[in-house]
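**Q** Right, I'll just put the structure down here and ask away after.
The values are calculated or read from the model by the stated rules, or taken from the named source; none is laboratory data. These numbers come from a predicted model, not from an experiment. Quick reminder, even Gly has a Cβ in these numbers, built from the backbone with ideal geometry, and neighbours come from all protein chains shown. These area figures cover heavy atoms from the full protein model, side chains too; ligands, DNA and RNA do not enter into them. Shrake-Rupley method; radii C 1.70, N 1.55, O 1.52, S 1.80 Å.
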Amino acid sequence: MSEVVTGVVKLTFGFLANKIRSGIVERLKDGDVTDEECRRLIVRELDDIKSKLDGLARSSLLSSLCFLQEGMNGLYQSLIQLDSNENTAESTGQANLLEAASSRDTGSDSPINEAIALISTITSLKVRSNDHFKSAIESFKLAREKAAEAFCNEALSIEDRIQASQIRMMARILEKLEHPDASASDCLQYLQQLHDIGAIQEIFSVLIEGGIKSRFNKTKRLNNASSVQVMNQVLFEFVKRLTKPSLVTRISAWPTILLGEKSYHPVLGEERIIEKLKGTGMQVMSLGSDFRFHDENIYSGFRSVVNSKGDIVALTRDKRTFKFFKPSGESRILCEAPNEEHESEYFGVTAMDIDAEDNLYVITRFRGSDDQSRSMKLSIFDENGNKKLECPLPFHQGSLAGGCMAINKDGKIAILNCEGKILYIGNICMELNSFEIDKSFSLEELYVRGYLSHASITIRFSNFNGTKIIAANRYTVYIYTEDGQIQRKIKIPEEHGCIESVAINHVTQRILVQTCQQPGRSLLSFSDTGELIDSLCLGSSEWIRYAALTSHPKGPVVLVGLRKAALLQL
């Protein structure tokens with residue numbers, strides 16, 4: 001049962017450390033650490049913290065650490081007792097289950113994966129019925145209550161109140177392991193209370209704005225800021241992996257730190273602060289930590305889609321190869337863009353989309369040796385990369401104006417020929433290997449001063465109150481009926497700048513719009529009536545400046561950059 005104990009420690013000391021991984025957790029990466037050594041490591045670390053606390057004003061904080069230590073011992077004993085009561089085969093199976101859970105998706109040394117494995121184990125085993133476990137839960141409750149008293153003591157230093165917040169959060173999660181949603185809700189309240197302290201606001205204000213105060217107490221300020229940042233990041237990972245609301249909703253409601261008329265979002269961060277905190281040795285878990293493409297830069301966020309499982313399919317930099325990426329880091333080649341020998345010039349992939357069954361649709365452009373116009377072809381690949389169809393499209397282009405495509409849940413296809421300003425809506429006829437046009441109409445209003453660059457246009461289908469076509473240029477989102485009638489225009493508020501990408505959240509039935517107003521980006525959420533529901537600052541990280549939104553009819557929403565991607569909703 002060592003794996004479970006290790007999970008307890010990694011969850012606990014993920015909050016306590018002012019870096020993502022403390023020395024004690026590094027020690028626990030050694031597979032030879034025994035159960036008894038795990039227990040001693042916990043006790044030693046908590047004793048070390050207690051030894052630094054003195055004075056009557058800090059008695060509540062000291063008491064909270066004592067109760068936390070009791071709870072950790074009790075939890076350890078309950079797991080050992082359970083282990084001794086189970087037969088060897090069943091214990092081995094549980095250990096294997098825990099190991100598999102802890103290494104899933106983001107790596108075997110992730111504190112949050114260990115927490116997930118721990119929670120799964122606690123809720124599935126009979127541990128909750130033994131006396132040691134009940135005693136541990138009571139100790140965690142007392143630790144939380146004493147930590148709350150310490151936090152509310154304004155006579156304590158800001159360092160002590162930060163530590164009290166850390167203990168409140170740890171104790172609350174450990175007290176109710178089987179109810180992560182309730183724990184997350186309470187911990188978010190604790191964070192908001194911490195962020196509302198004037199000293200915390202001043203710490204981050206000085207970090208961002210500088211000034212005379214920035215010359216003094218630099219190390220102390222950075223350490224305190226690092227502790228607060230890490231608390232936010234660890235809780236963010238916990239919330240992302242273990243609670244039900246969509247990440248977009250969670251990020252929008254996340255406790256921010258007020259800095260005068262501005263605010264700082266600890267989850268999204270700001271490059272100036274993140275770079276300073278990295279100097280303290282802090283490991284940053286950013287919004288884009290769900291996917292990392294490593295050395296395999298994808299071609300563009302606009303040439304990527306997300307499937308029903310939340311995996312990404314993207315065109316790579318060679319402009320021909322489509323690769324499949326999982327959050328775990330696994331990647332593989334899915335398929336290649338079609339290559340025609342008799343075509344003298346290949347202009348690459350001009351549009352791509354995915355349907356509800358995870359079939360990939362790709363439009364490519366070619367030009368023959370004696371032809372000045374460019375022909376366009378539609379190819380369809382199944383979820384395993386097998387080609388199902390390849391057919392010519394019934395229009396040509398004389399320029400590189402590009403095109404856009406969208407697939408609705410019933411398989412209907414909308415293709416915009418940017419050069420002709422015509423939107424074609426139709427279906428695939430498998431028997432005739434062709435794209436059959438049902439209707440077409442002009443989208444002249446999308447063209448500002450008669451011109452529209454391919455980079456500034458988006459076409460999407462929505463199914464809110466009947467099928468709608470969503471199209472956008474740089475400053476306006478248009479909602480059309482299937483017959484091409486403009487039903488509504490949504491002007492982007494001036495303070496959010498211009499539109500970079502658009503996606504449909506099919507779960508919440510919202511239109512998501514990524515906007516650019518230098519130096520940062522924002523994510524706006526609109527109802528189908530054009531009402532602005534949410535506005536979220538995405539920050540100015542380099543990867544976000546080259547990212548684009550994409551979504552799947554069955555729910556997943558992803559923000560995809562060249563090297564990273566963030567799963568906003570699964």
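**Q** Just to confirm a number: summing +1 for Lys and Arg and -1 for Asp and Glu over residues other than I200 whose beta-carbon lies under 12 angstrom from that of I200, what do you get?
**A** Spelling it out: positives minus negatives among the neighbours equals -1.
**Q** Moving to a separate point now. Cβ under 11 Å from G497's Cβ, G497 left aside: what net charge do those residues give with Lys, Arg +1 and Asp, Glu -1?
**A** Here the count lands on -1.
**Q** Still on this structure: Taking 0.36 nm per residue of sequence separation and subtracting the Cα-Cα distance, how much length would be gained by fully extending the chain between T321 and D483, in nm to one decimal?
**A** Here the answer is 54.7 nm.
**Q** A follow-up question, please. Given K309/K554; K326/K564; K387/K564; K276/K564; K240/K309; K240/K564, which pairs have Cα atoms separated by over 19 Å?
**A** Too far apart for the 19 Å limit: K387/K564; K276/K564.
**Q** Can you bin segment 440-570 into rounded, prolate or oblate? Criterion: square roots of the alpha carbon gyration tensor eigenvalues sorted a ≥ b ≥ c, rounded for a/c under 1.5, prolate for a/b above b/c, oblate for the rest.
**A** Since a/c reaches 1.5 but b/c is at least a/b, the shape of segment 440-570 is classed as oblate.
**Q** A further question on this structure: Accessible surface of I257 in the full protein assembly, 1.4 angstrom probe, to the nearest 10 Å²?
**A** 0 Å²
**Q** Now for a separate question. Only loop residues by DSSP count here, and only those with at most 11 other Cβ atoms within 10 Å; note down the GluC sites (Glu not before Pro) in segment 475-561 that meet that.
**A** Counting only loop positions with at most 11 other Cβ atoms within 10 Å, the GluC sites (Glu not before Pro) in segment 475-561 are E531.
**Q** Sort largest first and round to whole Å: the equivalent ellipsoid semi-axes of segment 301-569, each the square root of five times a Cα gyration tensor eigenvalue.
**A** Whole-Å semi-axes of the equivalent ellipsoid: 27, 22, 18.
**Q** Under the rule of at least 5 residues apart or a separate chain, name every residue whose amide H is placed under 5 Å from the amide H of L568.
**A** Result for L568 returns V557, V558, L559.
**Q** Among 319-326, 360-367, how do they line up from the highest to the lowest mean number of other beta-carbon atoms within 10 Å?
**A** Top of the packing list down: 360-367, 319-326.
**Q** Now for a different question. Only four residue types carry charge here, +1 at the Cβ of Lys and Arg and -1 at the Cβ of Asp and Glu. Report the dipole size of segment 301-569 about the Cα centre in Debye, rounded to the nearest 20.
**A** 760 debye
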